[in-house]
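Accompanying notes for the structure given below.
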Amino acid sequence: MSNQLRWVAAIALCAVQGLAWAQSWPSKPVRVVVPLSAGSNADILARMVAGRLAAQLGQTFIVENRTGGAGVIGVGYVAKSEPDGYTVLVHTSSFTVTPVTNSNLPYDTARDFAGITPLGVVPLVMIIAPSKGLRTVQEVVAAAKAKPGSMNYASAGSAGQLSSERFRISAGFEGVHIPFKGTPEAVTEVLTGRVDTYFCPVTPCLSYIKEGKLLALAASSSKRSSVLPDVPTTLEAGFPNSNYNFWTGMFVPAKTPRNVVDKLYQETVKALQTAEVRERLTKLGTEPMPLTPEQFDKLIREELAANAALVKAAGIQGN
């Protein structure tokens, strides 16, 4: 046999082995790592989808919360895992924020991971207490411009901060940023009026909005929230380049075989399309965000670049 024929045979063998690997996957339990706390939106989505995947594939999917370091510990763990499809990461938009605010990460976000697909996007809505007397997002901006530096705004996490900064820069006003450890604290401060505004994930603040204790002035997402259909997006309100999609998505280590990536993508999309999951997502205020692995990888690259530019423009100090 010539060297050329041997080469062709070797390629064919690898292809057959790869196909067999994909067909046999998963042949043992799959670990789904969430770098955020139990009960977080990412954790809820991960457990929901993992349950469906287990039913579809006849294999155990174990959700494991590896918290710490603003998500760095869990993400770093997956980055160093064997790229065999048995360790999966479920993370939020913070995945593309941390790399531009922390220069000492033990992994390379763009190089060390392959995207599977987003599990959904949660609209962030600008909330304000009715006692402030501001009824539209345009009125908020006008008030902030009338007294530069008088308006303050909350954030809970780096992704939330970037959402606020993107809007602030688009609207062209100066304000005071007040960071909080979590959404409950930020919402409480807005309810009391001690903080003016906060771009809040729609689910934690929905009951307050329905009860009239908070006003929802605009959504930062590209499309309106299905649970708040009368609330315009910041783009519709006239602020270009102000949109920010707060997604939760699934990833694997970068060298995971392509056949396994494709199978995990297909099964995850199938899980997301079941009536049970769709109903639960709607109750969580989570909207579909259908992307292929290639499209998701492209989004990650674009967000890394956009976030780096935003951090520089906003003067956000990194680690």
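I'd like to verify a number: residues in segment 233-255 that are under 20 Å from Ile300 (Cα atoms) and in contact with a strand residue (DSSP E or B) (Cβ under 6 Å, 6 or more places away or on another chain), how many? So that I can check it myself, show each step before the final result.
Keep residues of segment 233-255 that are under 20 Å from Ile300 (Cα atoms), which gives 241-255.
Narrowing the set further to residues that are in contact with a strand residue (DSSP E or B) (Cβ under 6 Å, 6 or more places away or on another chain) leaves 245-252, 254.
Residues in segment 233-255 being under 20 Å from Ile300 (Cα atoms) and in contact with a strand residue (DSSP E or B) (Cβ under 6 Å, 6 or more places away or on another chain): 9 in total.
Can you tell which of Pro179, Pro204, Pro184 is touching a helix residue (DSSP H, G or I) at 6+ places or on another chain (Cβ under 6 Å), surrounded by fewer than 21 Cβ atoms within 10 Å (Cβ to Cβ) and of a type outside the set (A, V, I, L, M)?
Details: Pro179 fails: touching a helix residue (DSSP H, G or I) at 6+ places or on another chain (Cβ under 6 Å); Pro184 fails: touching a helix residue (DSSP H, G or I) at 6+ places or on another chain (Cβ under 6 Å).
On inspection, the qualifying residue turns out to be Pro204.
Within segment 249-268, residues that are under 22 Å from Val122 (Cα atoms) and in the same structural domain as Ala79 (by TED's automatic domain parsing) sit with their Cβ atoms under 6 Å from residues that are among the aromatic types (Phe, Trp, Tyr) and outside any helix (DSSP H, G or I), at 6+ positions apart or across chains, in these pairs: Phe251/Phe113.
Matching residues to (1) crowded, with 19+ Cβ neighbours inside 10 Å; (2) within 17 Å of Met289 (Cβ to Cβ); (3) within 16 Å of the chain's Cα centre (by Cα); (4) assigned by TED's automatic domain parsing to the domain that holds Ser164:
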site: Gly68; (1), (2), (3), (4): no, no, no, no
site: Gly85; (1), (2), (3), (4): yes, no, no, no
site: Val90; (1), (2), (3), (4): yes, yes, yes, no
site: Ser94; (1), (2), (3), (4): yes, yes, yes, no
site: Asp108; (1), (2), (3), (4): no, no, no, no
site: Ala129; (1), (2), (3), (4): yes, no, no, yes
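For Ile209, the requirement of being in contact with a strand residue (DSSP E or B) (Cβ under 7 Å, 6 or more places away or on another chain), in the same structural domain as Ala143 (by TED's automatic domain parsing), surrounded by fewer than 22 Cβ atoms within 10 Å (Cβ to Cβ) and closer than 11 Å to Val125 by Cα is met.
Residues that are of a type in the set (Phe, Trp, Tyr), in contact with a strand residue (DSSP E or B) (Cβ under 6 Å, 6 or more places away or on another chain) and over 16 Å from Ala218 (Cα atoms): does segment 105-116 have at least one? Step through it out loud before you land on a result.
Step one: filter segment 105-116 for residues of a type in the set (Phe, Trp, Tyr), giving 107, 113.
Within this subset, residues satisfying the condition of being in contact with a strand residue (DSSP E or B) (Cβ under 6 Å, 6 or more places away or on another chain) are 113.
If we keep only those that are over 16 Å from Ala218 (Cα atoms) as well, we get 113.
There is at least one residue in segment 105-116 that is of a type in the set (Phe, Trp, Tyr), in contact with a strand residue (DSSP E or B) (Cβ under 6 Å, 6 or more places away or on another chain) and over 16 Å from Ala218 (Cα atoms).
Counting residues in segment 254-265 that are out of contact with any Pro (no Cβ under 7 Å at 6 or more places or on another chain), part of a loop (DSSP other than H, G, I, E, B) and exposed (fewer than 14 other Cβ atoms within 10 Å of the Cβ) gives zero. Gly115 - would you say it is of a type outside the set (Val, Ile, Thr), at positive phi and not in a loop (DSSP other than H, G, I, E, B)? Here the answer is no, as Gly115 does not meet what is asked.
The values are calculated or read from the model by the stated rules, or taken from the named source; none is laboratory data. Note that the coordinates shown come from a computational prediction; the quantities given were computed from them, not determined experimentally. Neighbour counts are summed over all protein chains in view; Cβ atoms, including those assigned to glycine, are modelled from backbone coordinates with ideal geometry.
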